[in-house]
Structures are given as structure tokens and as C-alpha cells.
Amino acid sequence: MKQDPLTRGGNTGTPLPGRGDSMGVSLLGSTPSSSSISSISSLSSFISSSSSGEERRKGGGEEFIGREEGEVVSISIVTIAEESCPSEPFGTVAGHVEVTADESAARERDGQSKTSHSTQTEEEGERNGEEEEECRKEDDDENEQGVEGEEAEEMDEDESDCPALLEEEEDEAGRNQVFVSDENSELMSDRLNPETPSTLLNIKMKRKLDHGPDIRPFPSGKKHCKGSNYLSPSSFVPFQTTPTTFGDLRAANGHSAQRRRVTSGPPPSGLQDWLHTFQAWSGPERLLALDELIDTCESNQVKHMMQVIEPQFQRDFISLLPKELALYVLTFLEPRDLMHAAQTCSYWRILAEDNLLWREKCREEGIEEPLVVKRRNTLKPGFLHSPWKSAYVQQHRIESNWRTGDITSPKVLKGHDDHVITCLQFCGDLIVSGSDDNTLKVWSALTGKCLRTLVGHTGGVWSSQMSGNIVISGSTDRTLKVWDAESGECVHTLYGHTSTVRCIHLHDKQVVSGSRDATLRLWDVDSGECLHVLTGHVAAVRCVQYDGRRVVSGGYDFMVKVWDPETETCLHTLQGHTNRVYSLQFDGAYVVSGSLDTSIRVWDVVTGGCVHTLTGHQSLTSGMELKNNILVSGNADSTVRVWDIRTGQCLHTLQGPHKHQSAVTCLQFSRSLVVSSSDDGTVKLWSLATGEWVRDLVALQSGGSGGVVWRIRASNTRLVAAVGSRNGTEETKLVVLDFDLTDNHK
């Protein structure tokens with residue numbers, strides 16, 4: 001392989017093969033810029049090492065003529081400007097090598113005039129013209145058109161080889177050099193055939209520059225560089241340019257840089273001169289001019305500038321992030337804000353529909369099950385709606401109905417004649433009411449019809465529990481009965497107590513009963529067998545709780561007892577109350593007891609010690625509910641209080657202008673709402689978070705004159721209230737409110 005005359009990165013050169021000991025080089029140079037000093041040094045070394053012949057000067061140019069063949073090598077050095085064209089990546093060398101044979105002296109003269117930065121006199125120009133005439137006579141007689149055609153063909157061939165021949169390398173000072181690759185040196189040597197009588201090597205570097213001496217000027221930043229004389233940007237390592245003007249930024253963002261925003265009339269005279277003046281100023285001068293311009297603008301003009309500028313700097317960072325990070329960011333949004341974000345664009349909608357994201361949101365809201373809803377339309381093929389999001393949306397809709405929905409048409413279930421409804425259970429679509437008329441009735445929550453009446457007790461029914469289709473009742477006839485609510489059949493009658501069964505609590509397949517005979521019994525529901533008998537109270541057992549491991553009971557003997565039912569032993573006797581214990585709550589760690597002595601006590605089930613004494617009520621605490629360390633208590637003093645049992649602090653007292661006017665008979669609460677009933681004939685809805693009254697759900701016309709709400713039971717979507725009166729002013733009935741009005745529910 002032949003040696004390349006321009007060595008890669010070196011400062012010395014090797015003579016071209018077949019040249020003998022000397023050759024001629026014409027340096028048609030302009031004053032080099034600082035970025036090309038190293039290249040000139042390399043060329044100087046090459047010239048000094050390859051030229052040992054005699055030197056001749058003519059007309060300001062330098063020519064080194066070889067003694068043997070008299071061939072001329074012309075090297076044009078082009079100053080590369082700092083500015084780059086946005087049509088190709090900045091810093092890319094679009095090199096162009098032209099190797100021409102018998103190039104006309106007119107082209108050489110033109111190259112000299114374009115690249116030389118020194119002024120030549122007319123006399124020097126004439127001398128050069130004479131010399132060029134002599135060189136032209138030495139060539140074969142060819143017409144000018146043929147020469148030009150051959151020259152064009154030669155240039156096309158060279159350009160097709162350029163991408164493989166040219167490479168770019170930076171020296172230690174960060175300056176660019178153009179060199180010929182080793183594997184293609186043979187191709188270059190073949191083009192420099194020594195048999196050609198006059199070979200002119202003309203290397204021109206063309207890149208994105210302002211407009212150099214050799215290159216046709218073009219408006220910077222406006223038009224893309226075109227034509228076959230330039231290498232495609234794809235031939236080099238891609239490197240994106242940063243937009244330098246606001247027009248470039250708008251174009252990069254997909255907006256037309258030439259788009260006119262104001263079309264109120266023709267542009268003012270002198271606009272272009274004003275723009276050219278602005279462009280001629282330096283950066284600090286432009287900033288100063290902009291400050292002055294803004295100060296002179298009216299408010300609507302400044303607003304127009306903001307409308308044009310602000311959108312160009314907005315970024316959709318969510319779409320730019322990986323999906324995992326985008327979803328992590330969205331977890332910090334509240335569900336309501338997440339739904340608003342889903343309306344931004346289709347990609348945000350897909351992210352905001354992520355099932356795992358909504359599962360966590362549902363669990364924060366206490367929603368335990370997803371909801372599968374069939375949807376007719378989808379966002380796009382393959383798009384799946386989140387079942388957890390559907391569950392959240394449904395729950396949000398239901399809660400809104402609780403707060404503001406229509407309650408003008410409740411279902412009214414009449415039964416039990418004029419007797420008192422003493423106990424109430426609600427499970428699924430079945431409602432079971434017990435009365436002092438010795439019966440229980442099973443109702444359909446959907447239709448409001450009485451499905452069947454459970455007959456068998458010989459005394460009033462005063463306690464009941466329900467799980468699925470299994471109903472257990474306790475009566476003044478001293479028995480418990482196990483019923484099948486679907487068939488109305490009495491499965492078992494549980495005998496053993498010697499007095500009224502006043503309280504029962506069901507857990508899985510076992511039920512604990514407390515009686516006025518001061519004992520508690522543990523029963524197997526499936527077999528009807530009495531498993532254990534717990535004795536220790538010295539008065540009637542009024543309330544009981546069972547979690548499958550421990551039994552807790554409260555009685556008229558002022559005591560609360562904790563039992564191990566398997567060994568039938570009393571683990572702790574919790575003493576502190578000074579009157580009868582009427583209500584209990586037990587969550588496995590704490591026991592909460594309410595008494596006629598107006599106090600509520602919190603006990604540690606392990607140690608048996610009293611953790612807190614909650615004071616504030618003025619009378620009997622008739623009902624309580626405990627969830628996640630939040631206790632809600634209802635009292636005969638007509639108030640409802642919300643407590644934190646860990647601190648013993650009263651968070652809210654539900655009272656005020658809309659408070660109950662008589663004793664609170666029953667209550668229930670969810671994660672955000674509290675429902676309470678009273679002897680004043682109302683059922684009220686409260687906010688658990690703020691303690692504020694929301695609205696009355698039930699208000700009997702006979703309220704205040706005998707109408708009473710005895711019991712309430714609520715599910716997520718329904719409220720059942722047992723109402724009546726003690727003086728005949730209100731008919732005994734069940735009032736059912738449905739807060740889920742969707743087609744899916746119905």
C-alpha cells in the first residue's frame with residue numbers, strides 16, 4: 001500500500017511516490033485563524049521535508065517547481081468560522097476533497113483571490129495572468145467546455161468517496177484536522193497518478209460556517225444546507241444543537257418559526273432596519289434595550305409577549321420520565337387530583353389508570369375490594385380500566401350521595417304492629433328485625449317486602465346476631481335459637497341459661513351469650529352444643545365481646561372481666577367503674593367500657609390496667625363503636641363524642657345548633673362519616689374529621705312528641721332505621737335509604 005502524503009496527526013510528511021526528490025507546492029493562503037495553527041504547522045513541515053529544489057517567487061505567490069516533472073500542488077487553506085448552521089450538528093466536519101487533473105489556471109486564480117487576505121496590486125495580477133497563460137499552453141488543446149465536463153465528473157467521483165476517506169481527529173489543543181484513513185490511502189494515491197503531466201491537489205474543507213472566502217454565503221439559522229457537496233449529518237455521530245434564538249426554540253418545539261401572531265395590519269416601516277440594528281448589538285446591549293422596550297409597553301402588549309413566550313418553556317415532565325418514575329410521582333397526588341390529571345392527555349390518562357396505583361389509594365380510603373365494571377367504550381385498543389379505580393370512583397359517588405343525595409323516597413317496611421323493635425341486623429340484601437312480640441322478621445332490602453317471619457320464641461327477642469344466612473337470637477324465654485334466614489327454619493334451640501339472654505356476640509362458628517343469670521356460655525353454632533360456661537359475675541351480664549380468643553364481659557356488678565374460654569378462667573377483673581356497665585368494645589389489644597357512672601374507661605387487655613379514663617359525658621353511655629383506635633360514643637346526654645384512645649383525648653363533640661334533642665340510642669361510623677339516632681326521632685349525619693353536622697337523614701314528623709328511632713344499621717350503601725313510638729304517635733316500621741343508585745347496583 002502506498003504511503004499517504006498527509007500523515008494522521010503528525011507534523012511531518014512523506015513525499016508522494018514517483019515525485020523524485022522535489023516537487024512544487026503553491027501556498028495560496030489566507031491568514032490562518034487560531035483554530036488552524038496546528039494544521040499550518042503540519043503543512044509547513046510537509047513542505048520543508050518534501051521540497052529541496054530551487055525556489056521561485058512570482059507576483060506575491062510562492063511556487064516550488066520540481067526539477068524533474070514541474071508539477072504544481074496547490075493547497076487552499078480556508079478559515080473556519082465559529083458559528084454553526086442549525087441544519088447539521090455543531091462540530092461536525094463536512095469535508096470535501098477535490099482531486100482534479102489539469103485544472104484550469106483561471107480556477108486557481110479565482111481560488112487565490114478568494115482565500116488571500118493580503119491586497120494584491122494590479123501589476124501582480126497581470127504577472128500571474130501571464131504565467132498562467134504559459135502553463136495553459138503546455139497542456140493539450142482542449143476546448144473549455146470539455147474540460148469543465150471532465151472536471152465535474154471528477155468532482156462527483158471524489159465526493160462519492162469522501163465519506164469513506166475523510167475522518168476527523170482532534171489534536172491535544174482541541175483543534176480539528178482532516179486526514180486520509182489508512183485503508184483508503186491507496187485510493188488517494190491512485191488519484192495522484194504521477195504520469196499525469198499536471199496534477200493539482202486542492203483540498204477544501206466545507207462545514208457549517210458563516211460564509212467563508214470559498215463558500216457561497218447563506219442566511220445563518222434560516223435555511224438548511226443542501227446539495228451533494230455536503231456530507232449528510234447521519235454520516236457522523238449525532239449531536240443535537242441547542243437552539244440559540246427564540247425562533248429556533250419554537251421550531252424545536254414543533255411550532256413554525258415564521259408564524260405570525262399579529263395580523264392587525266402591515267408591518268411598520270423601518271421594521272427590518274430596526275431588527276438589523278438590534279442584531280448588531282452585543283448581548284448586554286440587547287438586554288438593556290429589551291428592558292427599556294418592556295418599560296414602554298402597555299399591559300396588553302406585555303400580555304401578548306407572555307402568551308408567546310411562556311408556552312415555549314413548558315415541559316411535560318411526566319411524559320419524559322420512565323413509567324416507573326412517573327407513577328411514583330403520581331402516588332403523591334390525592335385521588336381527586338389524580339382524576340384531574342387523567343384529563344390532561346391520553347398518556348397521562350393511561351398512567352392515571354394504573355391498577356396498582358389505585359389499589360394503594362383505595363386501601364388508604366379503607367376500600368378492600370376492587371370493582372369490575374363492564375364498560376362499552378375504551379380509550380384505545382388494549383386500554384384497560386382499573387378495577388381499583390372503579391371501586392374508588394363508586395365509593396366517592398356513594399359518599400357524595402350520603403352527603404347530598406336525594407332522600408325524599410325511602411322504602412318503608414311496616415311490621416311488628418305497634419311493638420318495639422328491640423334488635424336489628426343487616427347483611428347483604430337481607431334485613432332482620434327482632435321485637436318484643438316474640439318474633440323476628442326477614443326483609444328484602446331491594447324490594448322492601450317481608451320475606452318470612454321467624455316464629456318459635458315464647459318471649460320477647462332482646463338480642464340478635466347475623467352472619468350470612470345464619471341468624472342467632474336471644475330471648476326472655478332463656479333460650480337462644482339458630483335460624484336459616486333463607487328458609488326461615490329454626491336449626492337449633494340452645495338451652496342452658498336460667499334467665500333472660502340479654503346479649504350475644506358471634507364470631508365465625510361460635511357465639512357467646514350473656515344472661516341475667518350472671519353467666520356466659522360459649523356455643524357451637526353448627527352443632528348447637530354448649531362448649532364452655534364462664535362464671536364469676538355477681539349480677540346480670542349486660543354486654544359481651546368475643547374475638548375468637550378472649551371473651552370480655554360487663555355487668556351490673558360494675559365490673560369488666562376478661563376470660564380465657566378454653567380454660568374457663570377469668571384472666572382479669574377490671575375494677576374502676578362505680579355503676580353498671582352497659583356497653584363494651586374490644587379490638588384485641590384494648591377494652592373500652594361505658595358505664596352509668598358517665599365515664600368511659602380504656603383498659604389494657606394484657607395487663608388489666610386502666611390506661612385512660614375518658615370524661616365529658618353527663619349520663620349513661622348507651623352505645624359505642626371502636627375502629628383503628630378511634631372511639632365514637634353516644635350518650636343519654638344527647639351528645640356524640642369522638643375519642644383517640646391512645647391519648648385519651650376527645651377529638652370532637654358532635655353538638656351545636658343541629659345536635660340531638662334527646663338521648664342518643666344508637667350510632668355507627670365509617671372512615672369519614674358518623675351516623676347517630678336519638679329518641680328525638682332523627683337520624684343525623686356528621687363529619688368524622690371535623691365533627692360538623694352534615695344533614696338529617698331521617699326526621700319523623702312525630703319527633704319530639706313520642707316518635708323514636710330505636711335502632712340503626714348501616715352498610716356502605718344503605719341505612720336501615722327502626723322507628724316507632726311508645727305512645728302510639730308513630731307506627732312501628734323500618735325506613736331504608738339507598739345511597740347507591742347506579743345501574744350496576746340495581
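In the stretch 286-354, counting only helices (runs of 4 or more DSSP H) that sit wholly within it, the ones holding 3 or more residues that are modelled with pLDDT under 90 and farther than 30 Å from residue 276 by Cβ span 317-320, 335-341, 346-352. Evaluated against (1) within 43 Å of the chain's Cα centre (by Cα); (2) hydrophobic (A, V, I, L, M, F, W, C); (3) modelled with pLDDT of 95 or more, residue 689 falls short on exactly one condition, (3). Applying the criterion of being surrounded by fewer than 19 Cβ atoms within 10 Å (Cβ to Cβ) and over 26 Å from residue 597 (Cβ atoms) to the residues of the stretch 657-684, the residue that is farthest from the chain's Cα centre (by Cα) is 657.
Considering only residues of the stretch 437-451 that are buried (at least 20 other Cβ atoms within 10 Å of the Cβ) and under 48 Å from the mean Cα position of the chain (by Cα), which is nearest to residue 416 (Cα to Cα)?
443
Go through the stretch 691-719 and give me each residue that's outside any loop (DSSP other than H, G, I, E, B), within 14 Å of residue 402 (Cβ to Cβ) and β-branched (Val, Ile, Thr). Give the derivation first.
Residues of the stretch 691-719 outside any loop (DSSP other than H, G, I, E, B): 693-699, 703, 707-714, 718-719.
Pick out the ones that are also within 14 Å of residue 402 (Cβ to Cβ) and you get 693-698, 712, 714, 718-719.
Within the stretch 691-719, 694, 698, 712 meet the criteria.
Would you tally the residues in the stretch 598-624 being surrounded by fewer than 18 Cβ atoms within 10 Å (Cβ to Cβ) and assigned to a loop (DSSP other than H, G, I, E, B)? Spell out how you get there, then give the answer.
Within the stretch 598-624, the subset surrounded by fewer than 18 Cβ atoms within 10 Å (Cβ to Cβ) is 604, 606-611, 613, 615-616, 618-619.
Keeping just the survivors that are assigned to a loop (DSSP other than H, G, I, E, B) gives 606-609, 615-616, 618-619.
Residues meeting the conditions: 8.
Rundown of residues vs (1) among the aromatic types (Phe, Trp, Tyr); (2) touching an Asp or Glu at 6+ places or on another chain (Cβ under 8 Å); (3) modelled with pLDDT under 90, yes/no style:
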residue: 389; (1), (2), (3): no, yes, yes
residue: 395; (1), (2), (3): no, yes, yes
residue: 400; (1), (2), (3): no, no, no
residue: 420; (1), (2), (3): no, yes, no
residue: 432; (1), (2), (3): no, no, no
residue: 436; (1), (2), (3): no, no, no
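Just name the residue that is surrounded by the fewest Cβ atoms within 10 Å (Cβ to Cβ) out of those in the stretch 625-641 that are within 24 Å of residue 708 (Cβ to Cβ) and in contact with a Phe, Trp or Tyr (Cβ under 9 Å, 6 or more places away or on another chain). Walk me through it before giving the result.
Pass one, the stretch 625-641, residues within 24 Å of residue 708 (Cβ to Cβ): 625, 632-641.
Keeping just the survivors that are in contact with a Phe, Trp or Tyr (Cβ under 9 Å, 6 or more places away or on another chain) gives 625, 632-633, 640.
On the way: 625: 17, 632: 25, 633: 26, 640: 27.
Across the stretch 625-641, the extreme among qualifying residues is 625.
Meeting the requirement of 2 or more residues that are under 21 Å from residue 479 (Cα atoms), assigned by TED's automatic domain parsing to the domain that holds residue 606 and free of Cβ contacts under 8 Å to residues at least 24 places away in the same chain, the strands (runs of 3 or more DSSP E) wholly within the stretch 512-574 are 519-524.
For the stretch 509-519, the count of residues that are under 52 Å from the mean Cα position of the chain (by Cα) and modelled with pLDDT under 95 is nonzero.
Out of all the residues in the stretch 577-587, is one or more among the small types (Gly, Ala, Ser), crowded, with 16+ Cβ neighbours inside 10 Å, at pLDDT 95 or above and assigned to a strand (DSSP E or B)?
yes
The values are calculated or read from the model by the stated rules, or taken from the named source; none is laboratory data. Predicted model only: the values in this text are computed from it and were never measured. Positions of Cβ are backbone-derived with ideal geometry, glycine not excepted, and every protein chain shown enters the neighbour counts.
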